[in-house]
Amino acid sequence: MPILNADLHCHSVVSDGTLTPEELAARAAANGVELWALTDHDEIGGQHRAAAAASAQGMKYLTGTEVSVTFAGETVHIVGLGIDPDDASIRAGLAQTRGGRDARAREIAAQLAAVGIKDAYEGALRYVGNPELVSRTHFARFLVETGVCKDTNEVFRKYLVEGRPGFVPHRWASLKNAVEWITQASGVAVLAHPARYRFSANEEFALFSEFRAHGGRGVEVVTGSHTPAEYLKYADTAREFGLAASRGSDFHSPGESHTDLGKLPYLPGELTPVWDLLADRIQ
Ligand code: AMP
Ligand code: MN
Ligand code: MN
Ligand code: MN
């Protein structure tokens, strides 16, 4: 079933999006999405609401999350699709992954204070829907609201990234643990937006090889984070590593995200879509 308007990557107020699971479901359905997944960062707290909202909107649903991983010194994201949201092991793993965020947020705020930006911790918290999930996105919204930057793109050039004020190195989950949590919870692990990582060709080869060896089975090919040239590049990578292909907007917010739910090009026809591996997990 390759020609399907599937959107298998987006964020709600349960992580760093600005819409509720119900608002996202309505927006996805209005945009023609047929198969949807909510993939909040390191969280599955919105899954039961999202599944119910998808059903109310007449869409098929796959459960999801996006796990933060540290690999070769970089943050890499692994999307888990079709996971059992009541599985104890993934719930514990995600809780542990979320665990360091509050202390990190306080350190981010201390760095911003040192360059004259006061009260950023309290400021970021005003945007947080889930106290366990304060993210750089919430700081970015605060920096835009207070006029320090004109938009979140400017924030992620001038602040919160390596070499800039407000960057706090952080140790997330291991690639092995993230893939195993997802797989053991009956899901499929998908390497998210591979073009976003600043890896050499050798490091990228190692990432795909290790991901595959740990049991990873999919890669995002068509995503809001890729250019059309990158769709083609990662379609080749999917074939090279025997991975199924996924499609997802990575939508966060109407004002911020340039790719809306369900509005990406379809997957290249010759690839195996990741939902073919998940037929028994679709609700
Ligand atoms: P965190 O998990 O707290 O490190 O925050 C990561 C989130 O920040 C990502 O999921 C994006 O939502 C956002 N982000 C990171 N880099 C950028 C960027 N260059 N432009 C816009 N948002 C970004
Ligand atoms: Mn995000
Ligand atoms: Mn991501
Ligand atoms: Mn995402």
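Answer with yes or no whether LYS118 is of a type in the set (Lys, Arg), surrounded by fewer than 19 Cβ atoms within 10 Å (Cβ to Cβ), assigned by TED's automatic domain parsing to the domain that holds GLU180 and more than 19 Å from the chain's Cα centre (by Cα).
no
Looking at (1) open to solvent by 10 Å² or more (accessible area, probe 1.4 Å); (2) within 24 Å of ALA140 (Cα to Cα); (3) in contact with a Leu (Cβ under 8 Å, 6 or more places away or on another chain); (4) not aliphatic (A, V, I, L, M), which one does SER15 not meet, given that it meets all the others?
With respect to (1) open to solvent by 10 Å² or more (accessible area, probe 1.4 Å); (2) within 24 Å of ALA140 (Cα to Cα); (3) in contact with a Leu (Cβ under 8 Å, 6 or more places away or on another chain); (4) not aliphatic (A, V, I, L, M), SER15 is out only on (1).
Restricting to the range 114-141, give me the number of residues that are at negative phi and part of a loop (DSSP other than H, G, I, E, B).
13
From the list PRO265, PRO228, PRO254, which one is of a type outside the set (Asp, Glu), modelled with pLDDT of 95 or more and within 17 Å of the chain's Cα centre (by Cα)?
PRO254
Take HIS11 and decide whether it is out of contact with any strand residue (DSSP E or B) (no Cβ under 6 Å at 6 or more places or on another chain), within 14 Å of ligand 4 (Cβ to nearest atom) and touching a residue at least 60 places away in the same chain (Cβ under 8 Å).
yes
Give the residues of the range 62-95 that are farther than 25 Å from GLN283 by Cβ and free of Cβ contacts under 8 Å to residues at least 12 places away in the same chain, sorted by residue number.
Matches in the range 62-95: GLY73 only.
Quick check on my filter: what residues within the range 248-265 are within 15 Å of ligand 3 (Cβ to nearest atom) and touching a helix residue (DSSP H, G or I) at 6+ places or on another chain (Cβ under 8 Å)?
PHE251, HIS252, GLU256
Need a quick list: strands (runs of 3 or more DSSP E) entirely within the range 187-283 having at least 2 residues that are within 16 Å of ligand 1 (Cβ to nearest atom), crowded, with 24+ Cβ neighbours inside 10 Å and not assigned by TED's automatic domain parsing to the domain that holds PHE142.
188-191, 218-223
How many residues does the range 121-173 hold that are surrounded by 17 or more Cβ atoms within 10 Å (Cβ to Cβ) and either in contact with an Asp or Glu (Cβ under 7 Å, 6 or more places away or on another chain) or at pLDDT below 95 (or both)?
8
Only one of these is hydrophobic (A, V, I, L, M, F, W, C), assigned by TED's automatic domain parsing to the domain that holds LEU261 and open to solvent by 30 Å² or more (accessible area, probe 1.4 Å): ALA92, ALA51, ALA37, ALA25. Name it.
So the residue among ALA92, ALA51, ALA37, ALA25 that is hydrophobic (A, V, I, L, M, F, W, C), assigned by TED's automatic domain parsing to the domain that holds LEU261 and open to solvent by 30 Å² or more (accessible area, probe 1.4 Å) is ALA92.
Is it the case that the range 142-151 has a residue that's assigned to a loop (DSSP other than H, G, I, E, B), within 16 Å of ligand 2 (Cβ to nearest atom), free of Cβ contacts under 8 Å to residues at least 40 places away in the same chain and among the aliphatic types (A, V, I, L, M)?
No: the range 142-151 contains no residue that is assigned to a loop (DSSP other than H, G, I, E, B), within 16 Å of ligand 2 (Cβ to nearest atom), free of Cβ contacts under 8 Å to residues at least 40 places away in the same chain and among the aliphatic types (A, V, I, L, M).
Do you know which residues across the range 152-199 are more than 23 Å from SER249 (Cα to Cα), without any contact (Cβ under 8 Å) to a residue 40 or more places away in the chain and among the charged types (D, E, K, R)?
Once the filter is applied, which keeps residues that are more than 23 Å from SER249 (Cα to Cα), without any contact (Cβ under 8 Å) to a residue 40 or more places away in the chain and among the charged types (D, E, K, R), the range 152-199 yields LYS158, GLU162, ARG164, LYS176, GLU180.
The values are calculated or read from the model by the stated rules, or taken from the named source; none is laboratory data. It should be emphasised that the depicted structure is a prediction, and the values quoted were computed from it without experimental measurement. Note that we place each Cβ from the backbone using ideal geometry, even for glycine, and neighbour counts take in every protein chain shown. Please note that ligands, DNA and RNA were not included when accessible areas were found on the heavy atoms of the full protein model with its side chains. Shrake-Rupley method; radii C 1.70, N 1.55, O 1.52, S 1.80 Å.
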